[in-house]
1. Show the residue pairs that are 6+ apart or on different chains and have beta-carbon atoms under 9 Å apart, the first residue being within segment 400-414 and closer than 19 Å to Ser209 by Cβ and at pLDDT below 95, the second being polar (S, T, N, Q) and part of a loop (DSSP other than H, G, I, E, B).
2. Within segment 56-74, can you find the residues that are surrounded by 13 or more Cβ atoms within 10 Å (Cβ to Cβ) and either small (Gly, Ala, Ser) or not in a helix (DSSP H, G or I) (or both)?
3. Having 1 or more residues that are closer than 19 Å to Ala262 by Cβ and of a type in the set (Lys, Arg) is the bar; report the strands (runs of 3 or more DSSP E) wholly within segment 278-380 that clear it.
4. Given the conditions (1) in contact (Cβ under 8 Å) with a residue 60 or more places away in the chain; (2) within 23 Å of Arg236 (Cβ to Cβ); (3) touching a helix residue (DSSP H, G or I) at 6+ places or on another chain (Cβ under 6 Å), and given that Ala103 satisfies all but one, which numbered condition is not satisfied?
5. Please find, within segment 133-152, the residue that is nearest to Ile79 (Cα to Cα) out of those that are out of contact with any helix residue (DSSP H, G or I) (no Cβ under 9 Å at 6 or more places or on another chain) and not small (Gly, Ala, Ser).
6. Within segment 112-131, can one find any residue that is under 24 Å from the mean Cα position of the chain (by Cα), surrounded by fewer than 24 Cβ atoms within 10 Å (Cβ to Cβ), at negative phi and hydroxyl-bearing (Ser, Thr, Tyr)?
7. Taking segment 381-408 as the region of interest, how many residues are within 13 Å of Thr183 (Cα to Cα), in contact with a helix residue (DSSP H, G or I) (Cβ under 8 Å, 6 or more places away or on another chain) and not in a helix (DSSP H, G or I)?
8. Would you call Glu77 over 16 Å from Gly138 (Cα atoms) and crowded, with 17+ Cβ neighbours inside 10 Å?
Amino acid sequence: MALVVQKYGGTSVGTPERILRVAQRIAREKQAGNDVVVVVSAMGDTTDDLAALAGQVTENPRRRHPREFDMLLTAGERITMALVAMAIRDCGCDAVSLTGSQAAIITDESHTIARIAEVRATRVREELAHDRVVIVAGFQGVSRTREVTTLGRGGSDTTAVALAAALGAGRCEIFTDVDGIYTADPRRIPDARLIDVIDYQEAIELTTSGAQVMHPRAVEIGARYDVPIRVGSSFRDDPGYQGTLITRRPHVMEELALTGLASERGNARITLRGLPASMNVLATLLNRLAGQGVSVDLVNFFDRPDGRRQIQVTVDEGDQLDEARRICHQVLEEVGGEQLETETGLSRVALVGSGMHGTPGVYARAFQVLVEAGVDVLALSTSSISITFLVRTADEDRTLQLLHRAFGLGTESQ
């Protein structure tokens with residue numbers, strides 16, 4: 001007998017008919033002799049609808065009333081968990097639904113963006129011992145001061161993997177509306193290939209860079225506790241279909257193994273010109289941005305022939321942009337800088353894979369294909385397993401297509 005943790009996303013449980021289909025899948029797993037814990041998201045657009053409802057009552061409820069906002073949003077998963085439990089019972093398996101509080105998912109005090117501190121799961125173990133399927137509301141927990149909290153975007157993924165780690169599950173399955181992780185978004189790259197097995201670190205890099213099939217926080221927990229994670233579609237039951245397995249994958253030493261591409265739009269570049277050529281200026285700027293909760297993605301700087309320095313920082317062009325511009329302008333004036341410029345409508349495109357830093361020609365090849373196609377690379381960052389290009393959003397799809405073809409990531413290249 002194995003312990004299996006399954007998670008079903010909002011699309012998978014989006015209608016009563018889909019809930020019945022999910023219940024049948026869960027019942028089959030239980031009837032095969034396994035213990036089953038299921039984490040569920042809110043149905044369809046329920047979370048967005050609840051947030052919009054709050055916005056009709058008060059302005060900016062997330063910021064002004066974070067505790068009550070959490071209380072409201074957690075209702076979505078509670079609805080789903082109860083319905084799924086009822087449907088499983090009708091399939092002939094005993095089932096019980098638990099909120100995040102009842103499952104003892106303990107978080108910090110940060111409403112709307114809480115992080116999991118520990119998973120006690122005492123009640124979950126008790127219910128499993130009574131041979132019940134346990135349905136847990138995803139996306140939520142409880143602080144040590146007994147306040148209901150939510151985990152932010154991707155919270156149900158995080159709940160599922162954290163539970164799998166705490167319970168010592170044999171496997172964790174994330175069911176969604178896509179077939180798994182692809183070498184690129186198949187809606188934009190028609191010959192994108194489904195990845196059978198991917199390493200934790202590569203999956204973290206892809207999901208951090210815009211691949212939305214799973215949240216990077218969940219993959220990080222899987223990597224930390226060696227929880228194998230299988231990502232697949234709840235709409236497929238065909239024999240032989242496996243989705244994508246995220247696990248610790250051995251690599252051949254210094255072998256170039258490119259995995260895939262991911263992109264994320266909605267970025268802005270702020271350029272500070274004519275600054276003193278001192279690292280203290282950059283340190284001051286980054287510290288002030290961090291102090292106001294502004295997340296900086298890419299940082300580039302270079303010195304002009306006249307000895308003055310230019311600094312570029314890339315931030316989200318959403319709610320944080322005005323605050324980022326204010327801080328940059330303040331620093332510019334304090335140090336006697338010349339000019340502040342902002343460009344929006346930018347996208348990050350990441351090429352992910354192992355071995356690229358030990359393989360001559362990867363950077364050159366990537367730049368060559370982009371330059372020859374007339375794509376302007378506005379900034380660049382690297383990690384041990386990725387190269388990230390900042391391009392204009394108008395060039396995003398073309399950049400993905402060019403790199404995907406150049407590095408032979410598609411089905412036609414296999």
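The values are calculated or read from the model by the stated rules, or taken from the named source; none is laboratory data. What you see is a predicted model, and the numbers here were worked out from it, not measured in a lab. Every residue, glycine among them, receives a Cβ derived from its backbone with ideal geometry; neighbour counts consider all protein chains shown.
1. Qualifying pairs under 9 Å: Leu409/Thr183; Gly410/Thr183.
2. Hit for segment 56-74 is His65, nothing else.
3. On the way: elements: 296-303, 309-316, 339-354.
Because the criterion is at least 1 residues that are closer than 19 Å to Ala262 by Cβ and of a type in the set (Lys, Arg), the strands (runs of 3 or more DSSP E) in segment 278-380 that meet it are 339-354.
4. (2)
5. Looking only at segment 133-152, we keep the residues that are out of contact with any helix residue (DSSP H, G or I) (no Cβ under 9 Å at 6 or more places or on another chain), and these are 142-146.
Pick out the ones that are also not small (Gly, Ala, Ser) and you get 142, 144-146.
Details: Val142: 18, Arg144: 24, Thr145: 25, Arg146: 21 Å.
Only one residue tops the list, namely Val142.
6. The answer is no; no qualifying residue exists.
7. Total meeting the criteria: 1.
8. Taking the combined requirement at face value, the residue does not satisfy it.
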